[in-house]
Structure formats: structure tokens, C-alpha cells
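Okay, so here's the structure we're looking at.
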Amino acid sequence: MDIKKLISQMTLEEKAGLCSGLDFWHTKPVERLGVPATMVSDGPHGLRKQDDKADHLGVNESIKAVCFPAACATAASFDVDMIRGMGEAIGDSCQHEKLSVVLGPAVNIKRSPLCGRNFEYFSEDPFLAGKMSASYINGVQSRNVGTSIKHFAANSQEHRRMSSSSDADERTLREIYFPAFEISVKESQPWTVMCSYNRINGTYASENKWLLSDVLRDEWGFEGYVMSDWGATADRVKGIVAGMDLEMPSSGGVNDRKIVEAVKAGKLDEADLDKCVERILNIVFRYTENAKPDTPWDMEAQHALSADIAAQCMVLLKNEGGILPLKREDDIAFIGEFAAKPRYQGGGSSHINAFKTTSAVEAAQGLNVTYVQGYSAADDSASDAQIAEAVSAARAARVAVVFAGLPDAYESEGYDRKHMRLPDCQNKLIEAVADVNPNTVVVLHNGSPVEMPWIDRVQAVLEAYLGGQAVGLATVRVLFGDVNPSGHLAETFPKKLSDNPSFLYYGGEGNRTEYREGVFVGYRYYDKKDMDVLFPFGHGLSYTCFEYSNLRLSADAIKDTDTLTATVTVKNTGDRTGKAVPQLYVAAPECDLIRPVRELKGFAKVELEPGESKDVSFTLDKRSFAYWNEALHDWHVLTGEYAIQVGASSRDLPLCAKVCVTGTVDVPRHYDVNSIFMDILADPKAAEIMKPFIASATAAFNPPEEEKSDAATEAISDEMGMAMLNYMPLRTALSFSAGQVSEEQIMALLDAINK
């Protein structure tokens with residue numbers, strides 16, 4: 001298809017029309033030129049295809065489909081191969097349903113546990129989010145169906161989401177809020193990118209040229225089209241100039257006419273419009289020329305796959321005394337409504353009309369399991385009678401398993417959580433059960449961290465997250481040991497909400513939210529503060545044990561233009577097969593720059609038989625050691641000794657090796673009379689030129705020994721004098737050098753060192 005020739009045959013009105021939706025879910029056709037309409041659908045963990053009544057908040061019903069685990073769960077798998085397989089299954093579903101693009105994945109950073117949409121997002125860590133996202137995208141798009149990575153960018157709250165400005169410095173954006181998108185673009189080329197509702201430093205994402213063109217396209221090489229989130233378009237003409245190609249949904253022709261009028265009035269270059277049209281058509285025809293509507297969609301097989309995936313995502317947070325796995329011959333009490341009616345997904349545009357569900361109660365049929373409701377999720381209540389029944393069942397059982405979590409109303413697209421607590425009735429239930437049964441286990445169904453005031457009173461906690469429609473089947477498999485848990489937290493669980501770094505500023509004031517914590521999001525903050533947490537980033541237990549040893553590096557010194565290979569040996573020292581998740585973190589050298597203690601730069605998932613060992617290798621490049629330097633407007637590596645740390649979580653890192661990394665790019669420096677001595681002397685080249693000058697400038701602080709009085713020696717030692725000099729601007733040499741330094745000397749010195 002010659003797209004450029006096709007565009008040349010279009011009228012201005014047709015071109016403008018192609019840049020907005022036909023309706024809620026379709027792109028516009030141009031029938032006279034053979035341009036078809038294509039359909040997109042909400043995702044990302046299943047299809048929310050709506051054929052008739054359409055909405056973007058999950059209000060109206062969609063087709064029956066398969067609900068896979070949400071991103072809060074899949075990220076905890078740390079398994080890029082697994083999530084690629086899930087993407088392939090969703091891609092097959094899209095082909096069957098004639099969908100050109102599935103709207104996902106969602107890769108916004110989990111800045112606060114309060115974000116109502118956290119269940120759709122992968123992680124607080126951009127590297128993990130990016131790698132999981134890229135693999136998911138590659139899976140979906142291997143089926144010749146597109147993805148729409150979202151929401152670009154800095155969209156980490158639902159409160160005032162369509163008007164608020166996310167205000168952050170560029171280093172924070174580059175190091176925390178951009179990398180998941182950048183990794184995905186560079187490693188998987190999503191067919192589309194969805195821009196977010198919010199403003200970024202005052203400019204709407206939908207009309208932000210720096211965001212959509214300069215960074216996304218020119219720097220990262222994005223090749224597809226940018227679509228708006230539904231209703232995110234502010235000024236449509238500015239959006240065309242910025243590179244926002246497709247407005248969704250339809251504006252009823254209003255914005256199409258504005259585009260036409262702007263071109264005719266000379267306010268919009270038609271060439272900019274042509275670029276948008278070309279990018280849209282490239283994707284339209286990429287799908288239609290590879291459409292395979294006869295692709296089978298075996299929902300039962302995908303239900304089974306969903307159960308397999310969910311089991312690999314569950315995180316065993318605590319397991320005192322090896323209470324888990326449960327023994328099949330024991331009397332077990334399943335307590336809590338979520339055991340019979342699991343909460344397996346979040347609310348809003350990603351809400352799937354699941355064709356079936358399997359609860360834990362159903363999956364446990366044939367076992368010695370007694371079920372009692374315990375509480376009502378719909379009413380958010382637990383009556384005295386319900387708690388009494390639960391206590392009675394717990395007292396009669398060897399192990400009591402309480403299924404708890406957040407009701408639907410607690411977390412959803414469209415609004416944020418108010419607190420980080422479970423419902424009071426559930427906390428009360430857990431404590432009542434723990435009072436009568438020392439073998440109490442808690443299974444959690446939630447899309448974001450929760451406080452656990454009862455943590456010391458229960459033996460085990462299994463974080464099931466929102467595990468999709470087969471979560472009950474997966475939970476029983478894990479509880480009874482058919483599957484060895486291997487999930488690790490993709491987010492820190494703080495002890496309380498006020499510990500979170502964004503606590504004071506989250507939500508903002510009016511239509512402005514300041515990201516004052518900067519790069520210190522999640523474990524980056526907790527580790528820098530050396531703060532106790534409930535469960536650290538990367539934490540996850542197993543029914544077996546793993547040993548990490550023999551960390552070796554391919555070199556002990558490299559330049560930032562080189563790559564470094566780190567290899568570690570992982571051994572299963574337990575008595576059952578399990579999957580380890582070795583994590584590699586890089587710790588930067590101490591310097592004046594304020595940086596995190598460590599940052600995740602590699603991870604893997606490896607299955608090991610009892611007694612088996614395997615070597616796992618990671619490749620580190622410049623970005624593994626770099627920070628964003630705003631003076632260079634680029635990634636920069638400071639010369640120094642970096643620590644390579646490997647282990648099972650951000651706070652369980654038994655292995656460490658050092659490598660000297662030499663930065664090959666110097667940061668441009670310019671000194672003037674207000675530059676302080678310390679900064680100038682820290683520059684080796686400038687320091688050499690300064691040597692003669694220092695001798696003169698320090699005369700006032702270092703008079704000859706015979707001229708020093710005892711009082712003077714006490715008042716100002718040589719060390720004190722040098723310390724005071726360090727903080728003085730160069731110009732003060734005129735005042736404190738007893739006439740031994742002239743202004744001409746200072747200017748000549750500056751001229752020399754600035755050269």
C-alpha cells in the first residue's frame with residue numbers, strides 16, 4: 001500500500017476526519033479510497049469489547065471474555081516469558097474478535113498506594129515495568145495485533161486526572177516516569193501510544209510537543225501513532241502540531257472542522273496533518289493486511305492458562321513454621337466471602353465480563369475444607385453472627401485460611417483510595433480467628449498494598465493480588481503445594497501510609513500536583529531513609545530454599561561505552577522444585593549528587609530441581625550506571641567504583657562485587673567570580689591552574705608560624721581556615737588576601753580555567 005499516494009488523493013476534510021474516531025471504538029473509514037474502519041478495545045488483561053452500548057468506564061456490558069491476572073499480579077511474577085505468553089493469548093483473542101489494537105499495557109509508576117488504578121500498573125520500579133511491558137507487547141503484536149501503551153506520561157493519580165498538572169523536574173521524569181515507556185518503545189515498538197489526561201508541568205499531554213515528538217519520536221524512535229485517552233483532547237489543533245494523531249472517541253465532527261479551518265487560515269501546516277494521517281494509516285493497513293478473523297479462541301484453554309499464570313504470580317509474604325503448604329488430610333476452614341466469590345479484577349475500563357470464574361471453594365471440592373462467609377464485601381460488614389460462625393469453624397479446624405482483601409468500591413479507575421487499610425470488619429475477623437487458631441493463614445485479594453495490623457498474629461500471608469478469573473483454582477494449588485509460590489513484590493509494602501514518600505503531596509493542591517520526592521519513589525526512598533517496611537521490594541518466599549554464590553564480573557574496570565557481564569550461581573538447597581528470582585542492583589559511588597542507594601538493573605526467573613545449580617548472567621550497559629544530567633541533557637556516568645549487588649530482594653543482597661566505571665563524557669563547567677573554591681578545586685584541571693593562586697589567597701588564613709598568637713591558633717586552625725576557604729566565592733579573595741590578590745589576577749585566572 002502506497003500510503004503517501006493515498007493521502008495525496010484525500011480531501012482536506014477526509015484527512016481531518018481520519019484524525020478522530022468514527023464512534024467510541026472505531027477509526028474512520030474513507031470508503032471511496034478503500035480505507036477501512038478498524039476497531040480498538042479496552043484491555044490490557046483481557047478484552048472489554050463493546051459492540052452496542054459503549055463507554056470507557058466499564059458501565060455497560062461487554063462481550064464474554066477471559067480475564068487474565070491484572071498487572072499488579074503479573075509484575076510480581078518477574079517472568080518475561082510468562083507475560084509474553086499471556087500477550088500471545090490476548091492477541092489471538094483480538095484476531096478472533098476483529099480488533100486491531102488492544103488498549104494496554106498500562107505502565108505508569110506506582111507513586112503512592114492510594115492510586116485507584118494501581119492494579120493496572122506494573123511496579124514502582126521503571127526497569128521492571130519496562131521489561132514486563134515490552135515482553136507483553138511483543139506477545140500481543142506477534143499475532144499482528146497492535147497495543148497501545150498507556151498513559152503517557154506522569155499519570156500516577158486518579159484525583160483530578162483530567163485537569164491536574166504533574167509537576168516534576170526533568171531528571172525525575174527521565175529516571176522514574178519515562179523509562180518504562182522508553183524500554184517498551186525501543187524493545188517492542190508498540191503500534192500506538194496513548195497520551196494521558198493530565199498536564200505535565202502545565203501543558204496537557206495531548207498537546208505537548210516535547211513529550212510526543214521530541215522525546216517519543218525523535219529520541220526514542222517511536223514509529224506508530226499517538227492516540228488520546230478517551231476525552232483527553234484539549235486544543236485539537238495544538239495536538240496535531242504536537243504529534244497527537246488520533247483523537248478518541250469522536251468529537252461529533254467539532255474538532256475535525258477546527259483542523260480544516262486552521263489549515264485554511266494558515267494557522268496549521270497541512271504537512272503536519274499529513275504526518276498524522278500517514279501514521280494512522282500505516283497501523284490501519286498493518287492490521288487489515290494481516291487480519292485473521294478465523295483465528296480460534298479457546299476460552300476454556302485460556303481459563304486454564306489464566307490459572308497457571310495466576311499461580312506463578314502469587315507472593316508468599318510470610319510462612320512461619322512452614323505452615324504452608326497445607327496437608328490434604330487436614331481439616332481446613334476457608335473463611336471469608338472472597339473464598340467463594342473472589343475479587344479478581346479492578347473496576348473501570350479494564351473490567352472484563354468473564355465467561356466463567358473458579359473460586360477457591362469450588363477448587364477445593366473433595367478436600368476436607370469447610371467454608372463460612374465471615375463478612376459481606378458488598379455491605380462491607382461482618383455481623384456478630386458471621387464472626388461467631390467463623391470463630392467456631394476456625395476453632396474446629398487445624399488450619400484457618402482467611403480470604404481477605406479490598407472490595408470493588410475501594411479501588412477503581414476514576415478515583416483514588418482514601419487510606420491503605422483493609423475494611424475494619426475484615427481486620428476484626430482476622431484477629432478473631434487468630435485468637436482461637438494459632439495456625440491462621442491470610443490470603444489477600446487486592447490491587448495495591450494494605451496495612452496489616454494483625455501480621456504478628458498470623459502464621460502465613462499469601463498475596464494473591466487480582467489474579468484473574470481462575471484465581472481460586474490457582475490459590476488452592478499454591479496453598480496445598482501443587483505449585484510452589486515464586487512471585488516477588490513489584491512494590492514495597494510500607495508499614496503505614498504516612499511512610500510513603502509522596503504522602504505529603506499526593507493528590508496536590510487544586511489542579512497542581514508536585515512530585516517533590518523526585519527520584520525517591522518506592523524502595524529508592526525507603527532504602528535511602530534506612531526505613532523499616534512491612535515487606536520490601538522484590539520480597540517473596542518459596543516452599544524451598546535458594547542459595548546465591550560466586551558472583552563474578554567480566555571485568556573489574558570498564559568505560560561507560562563498554563558492557564559488563566555479571567554472572568551468579570543460584571542453587572536450590574531445599575527438597576522440592578522451585579523457581580528463584582535473582583535480582584541485580586547497581587549502587588552508585590558516594591558523591592555530591594543525590595542518588596538512590598541502589599537501583600534494579602537486572603532480574604531473571606530460573607527453575608531448579610532440588611540440589612540443582614544454574615548460572616544466571618546479566619548484561620549491564622551505560623544506562624545501568626547513569627543518571628540524567630540536565631546540564632548535558634543526556635544520560636551521564638560519573639567515574640567511580642560501583643557496587644553490583646545480587647540477591648532475592650532489595651534488602652536481601654548477600655553478594656556484592658565492585659567495578660570501576662570511567663565516564664567518557666565531561667560535564668561542561670564554567671566558572672565565574674561567584675564560583676566557590678571547593679567546586680573549582682574539585683575539577684582536576686582547574687585545580688592545577690589554581691595552585692599558585694591558592695598560595696596567595698590563603699595568606700590571611702596562614703600567616704607565618706612566628707606571627708601566630710596562641711589565641712589565633714586556637715581560633716582558626718589550618719584545617720578550619722581551609723574549610724572556610726572552600727565555601728567562599730572566588731571574589732572574596734579580594735577581601736581576605738590582605739591585598740595580595742587583584743581583580744585583574746582573578747579575571748586572568750578565570751579566563752585560564754574556563755579555557
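The values are calculated or read from the model by the stated rules, or taken from the named source; none is laboratory data. Source: prediction; values computed, not measured. Note that each Cβ is placed from the backbone with ideal geometry, even for glycine, and that neighbours are counted across all protein chains shown. Side chains are part of the model used for accessible areas, which takes the heavy atoms of the whole protein and leaves out ligands, DNA and RNA. Shrake-Rupley method; radii C 1.70, N 1.55, O 1.52, S 1.80 Å.
Key figures
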item	result
Heavy-atom accessible area ranking, 1.4 Å probe, most first, across Met314, Met747	Met747, Met314
Beta bridges by DSSP in the range 384-470, antiparallel share as percent, to the nearest 5	10 percent
Rg(Cα)/(2.2 N^0.38 Å) for the range 423-503, N = residue count	1.19
Rounded to whole Å, sorted largest first: equivalent-ellipsoid semi-axes of the range 590-650, Cα gyration tensor	31, 12, 9
Positive-end residue, the chain charge dipole about Cα centroid, Cβ charges, pick of Thr27, Gly540, Phe520	Thr27
Whole-angstrom gap from the range 528-580 to the range 136-195, using each part's C-alpha centre	28 Å
Kirkwood hydrodynamic radius of the range 551-596, Cα pairs, Å	14.2 Å
Cα Rg over Rh - the range 377-483, Kirkwood	0.96
Relative contact order computed over the chain (Cα-Cα under 8 Å; 6+ residues apart), in percent	13 percent
Reciprocal mean inverse distance between Cα atoms of the range 369-434 - Kirkwood radius, Å	12.7 Å
Per-residue ³J(HN,Hα) for the range 514-525, Karplus 6.51 cos²θ - 1.76 cosθ + 1.60, θ = phi - 60°, Hz, x for Gly and Pro	8, 8, 5, 6, x, 7, 8, 10, x, 4, 4, 7
Hydrodynamic radius by Kirkwood, which averages 1/r over all alpha carbon pairs of the range 256-301, in angstrom	13.6 Å
Probe 1.4 Å, accessible area per residue of the range 586-705, Å²	49 Å²
Probe 1.4 Å, accessible area per residue of the range 1-129, Å²	29 Å²
Pair Glu31, Arg457: separation of 7 Å Cα→Cβ label points (nm)	6.8 nm
Zero-based 10 Å bins, Cα pair distances in the range 204-249, whole percents	33, 56, 11
Span from the the range 375-422 Cα centroid across to the the range 85-132 one, whole angstrom	28 Å
Whole-number Å³ per residue for the convex hull built on Cα positions in the range 121-263	110 Å³
Neighbourhood charge, 14 Å Cβ-Cβ cut-off, centred on Lys691 and excluding it, Lys, Arg +1 and Asp, Glu -1	-1
Percent accessible area from carbon and sulfur atoms, the range 152-241, protein chains only, probe 1.4 Å	45 percent
222 nm mean residue ellipticity, helices alone, for the chain (DSSP H n ≥ 4; -39,500 (n - 2.57); rounded to 500)	-8000 deg cm²/dmol
Net charge of neighbours whose Cβ lies under 14 Å from the Cβ of Val443, counting Lys and Arg as +1 and Asp and Glu as -1	+2
Kirkwood-Stokes translational diffusion coefficient of the range 528-677, alpha-carbon pairs, 37 °C, 0.692 mPa s, µm²/s	192 µm²/s
Cα-Cα over 31 Å, subset of Lys622/Lys755; Lys495/Lys579; Lys209/Lys528	Lys209/Lys528
1.4 Å probe accessible area per residue over the range 260-377, in Å²	41 Å²
Heavy atoms of Arg328: accessible area, 1.4 Å probe, square angstrom to 10	110 Å²
The range 58-132, accessible surface, carbon-and-sulfur percent (1.4 angstrom probe)	46 percent
About the Cα centre, charge dipole magnitude for the range 137-205 (Lys/Arg +1, Asp/Glu -1 at Cβ), debye	240 debye
Within the chain: Cβ-based charge dipole about Cα centre, in debye rounded to nearest 20 (Lys, Arg +1; Asp, Glu -1)	1480 debye
Per residue convex hull volume, Cα atoms of the range 494-569, in Å³	180 Å³
Cα-based Rg and Dmax for the range 60-116, where Dmax is the largest Cα-Cα distance (Å)	13.4, 38
Charge dipole magnitude, Cβ of K and R +1, D and E -1 - the range 359-415, Cα centre, debye nearest 20	480 debye
All-pairs Cα distance distribution in the range 268-359, expressed in whole percent, bin size 10 Å	10, 22, 25, 18, 12, 9, 4, 1
Positive-end extreme of charge dipole, the range 249-373 - chosen from Val369, His351, Ala307 (charges on Cβ)	His351
Antiparallel content of DSSP bridges confined to the chain, in %, to 5	55 percent
